[in-house]
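*Asks:* Just dropping this structure here.
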Amino acid sequence: MNLTNRSLVTIDDLSDGEIEALFSLADEMAESPADQAGLCQGKIMASLFFEPSTRTRLSFEAGMLRLGGRVITAVDIGASSLAKGESIADMARVVGSYADIIVIRHPWEGAARVVADYAGVPVINAGDGSHEHPTQTLCDLYTIRKEGRAIKGLRIALWGDLKRGRTVHSLIYALARFGATILFSAGAGLEMPEHVLRKLTTEYAYKLTEVKTLDGEVKRGLFPLDAMYVTPDSPHQLAMLSDISDINIQIQGVETLKKHGIDAWLHYNVSENEFEIKLKRAEIDTLYMMRLQKERQAPAAEGQELKKGYPVVDKKLLRGKMFEKTLVMHPLPRVDELACEVDADPRSMYFKQAAYGVPIRMALLAVLLGAREVTIPEEEDSLIPKIDYPVYKRDSGVKCPNRNCVSNQETEVRYMKPEFKIVSREPLTLRCIYCDHELHPQFVASSDWHQGKLENKKYHSADSQFGRKIRPANLIVFASEDEARTQQFKPSSHIRP
Ligand code: CP
């Protein structure tokens with residue numbers, strides 16, 4: 001495997017071995033920065049940051065300059081021709097003819113994939129909406145490794161806005177691949193999206209244990225309403241983590257769970273700002289904190305509501321025994337969720353995470369531009385095998401449900417058809433190839449209609465026996481019954497009332 005000329009859109013574009021190789025190269029670059037000065041001489045990096053950034057943009061640009069390359073930049077959609085209605089694909093083609101590599105941050109989910117599809121040069125996703133931010137994950141994993149912690153078996157708690165925080169989406173996939181044990185604690189309304197959880201269970205063979213207030217009482221205002229405990233479930237990963245199979249979590253005070261012998265609990269008291277987790281046999285190795293992504297909340301009032309129950313990491317919290325050896329991580333920028341009083345604490349890692357951005361991004365730029373090679377023999381690499389899902393791509397009215405997806409934007413629909421992976425038939429589940437959001441269409445038909453007669457064009461319920469039998473190549477999916485009728489399909493007897 002070779003990384004030259006490849007793009008990094010999602011963290012899954014890199015195998016485990018490639019990530020390790022990038023870390024070794026980053027070590028080398030950090031040790032002797034002066035030796036790297038000629039590596040990318042004559043190369044140009046286009047730095048397109050259509051959302052605010054300090055760390056990602058400046059560490060990429062500093063990295064390219066340290067490699068001897070040059071940088072062209074655009075940081076404002078309003079000052080680019082996108083503001084005149086140019087499509088991302090056209091912009092990508094043009095910028096790809098000016099630069100040797102493109103780094104892009106864009107507010108639309110899936111935008112980086114479109115740029116990678118059209119640019120003709122390697123593209124790095126520096127954050128696409130709430131979707132992914134793979135190079136932040138490289139900085140995060142590198143920091144953990146530099147602190148002498150193995151990611152295999154790491155017990156990591158992810159707190160805060162898990163819904164819209166893109167860094168945590170890329171991070172969780174990487175943690176899962178390396179076999180970490182993950183505890184999610186999201187604020188109410190900020191839970192990890194369903195499509196991320198599905199990927200964890202299907203692609204990474206993880207087992208999810210969701211813990212709610214089992215007494216039936218939903219305690220609004222308490223954080224967390226839900227705790228999600230995630231453990232590796234595939235045999236090879238379990239073998240690495242033989243000691244974790246009996247750890248469970250409960251909300252304090254739920255007697256039902258105690259009766260079942262569950263030996264751990266967590267509790268957050270908003271009024272006193274106390275957060276406690278007790279696991280009988282496990283400390284938290286790493287606490288990864290996320291800011292509330294206020295800029296991605298729809299109405300301002302919603303942001304205010306969500307802020308009320310938001311956790312805070314401060315000195316008092318870190319006095320807890322279970323945090324004794326915890327690395328406190330945060331992708332930054334922080335707002336109120338991480339108290340400045342923690343900065344001097346040796347457990348605080350967030351400024352190191354930001355600083356490692358330069359050697360990590362130097363290593364990445366150098367390999368994608370072919371200035372350095374990292375070749376990992378396939379037989380020595382470990383890559384979770386990609387599931388080859390059938391693809392659905394037809395004009396049948398069905399759209400990605402995510403309004404922020406690139407495939408739903410006025411400038412992009414002129415040339416782009418929505419495209420989905422068929423990730424499940426029971427229930428029928430389509431995953432958008434751009435943003436990973438999922439939909440569960442209710443009505444389907446087969447393009448291979450009975451005896452080829454138009455009067456036999458029938459649509460069915462997706463979950464009927466007939467609907468489930470339609471081969472992926474023949475599958476037609478409708479957004480609604482009206483859509484099916486508009487396309488001159490009639491209801492079959494396989495329609496559920
Ligand atoms: N962590 C991160 O992406 O920071 P910036 O938004 O400053 O780039």
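The values are calculated or read from the model by the stated rules, or taken from the named source; none is laboratory data. Everything quoted here is computed from the prediction, not taken from an experiment. Glycine also receives a Cβ, built like all others from the backbone with ideal geometry; neighbour counts cover every protein chain displayed. Heads up: the accessible areas ignore ligands, DNA and RNA and are worked out on the full protein's heavy atoms, side chains in. Shrake-Rupley method; radii C 1.70, N 1.55, O 1.52, S 1.80 Å.
*Asks:* Please compute the length gained on full extension between T201 and E378, using 0.36 nm multiplied by the number of residues separating them and subtracting their Cα-Cα distance.
*Replies:* Here the segment from T201 to E378 would lengthen by 61.2 nm.
*Asks:* Let me ask something else about it. Kindly flag which residue pairs out of K163/K399; K307/K352; K399/K469; K417/K457; K199/K386; K207/K325 have an alpha-carbon separation exceeding 19 Å in this structure.
*Replies:* Those over the limit are K163/K399; K307/K352; K399/K469; K417/K457; K207/K325.
*Asks:* Points 7 angstrom from Cα along the Cβ direction at N474 and D90: gap in nanometres?
*Replies:* Roughly 4.2 nm, to one decimal.
*Asks:* Quick check for you: which residues of segment 96-119 have the amide N under 15 Å from the point 7 Å beyond the Cα of S81 toward its beta carbon?
*Replies:* Inside the label zone: 96-99, 119.
*Asks:* Taking a virtual spin label 7 Å from the Cα of K399 along the C-beta vector, which residues in segment 89-106 bring their backbone nitrogen under 20 Å of it?
*Replies:* Residues passing the 20 Å test: 89.
*Asks:* Points 7 angstrom from Cα along the Cβ direction at A34 and A150: gap in nanometres?
*Replies:* 3.8 nm
*Asks:* Along the Cα-to-Cβ line of Y415, 7 Å from the Cα, sits a label point; which residues in segment 69-104 have backbone N less than 16 Å from it?
*Replies:* Hits in segment 69-104 for Y415 at 16 Å: 81-98.
*Asks:* Sticking with the crude label model, points 7 Å out along Cα→Cβ, report the distance from L332 to F351 in nm, one decimal please.
*Replies:* My value for the distance between the label points is 0.8 nm.
*Asks:* Give me the distance between the Cα centres of segment 408-447 and segment 326-375, rounded to whole Å.
*Replies:* So the two Cα centres are separated by 35 Å.
*Asks:* Another question, if that's okay. Would you rank R145, R296, R485 by solvent-accessible area, highest first, keeping every protein chain in place and using a 1.4 Å probe?
*Replies:* Final ranking, largest accessible area leading: R485, R145, R296.
*Asks:* Mind checking the full-extension length gain between I422 and D482? Use 0.36 nm per residue of separation minus the Cα-Cα distance, one decimal, nm.
*Replies:* So the chain would gain 19.4 nm between I422 and D482.
*Asks:* With charges set only on the Cβ (+1 for Lys and Arg, -1 for Asp and Glu), what does the dipole of segment 373-461 come to about its Cα centre, in debye to the nearest 20?
*Replies:* Dipole about the Cα centre, nearest 20: 880 debye.
*Asks:* How would segment 1-81 be classified by its alpha-carbon gyration tensor: rounded, prolate or oblate, with rounded meaning a/c under 1.5 and the a/b versus b/c comparison settling the rest?
*Replies:* In terms of gyration-tensor shape, oblate.
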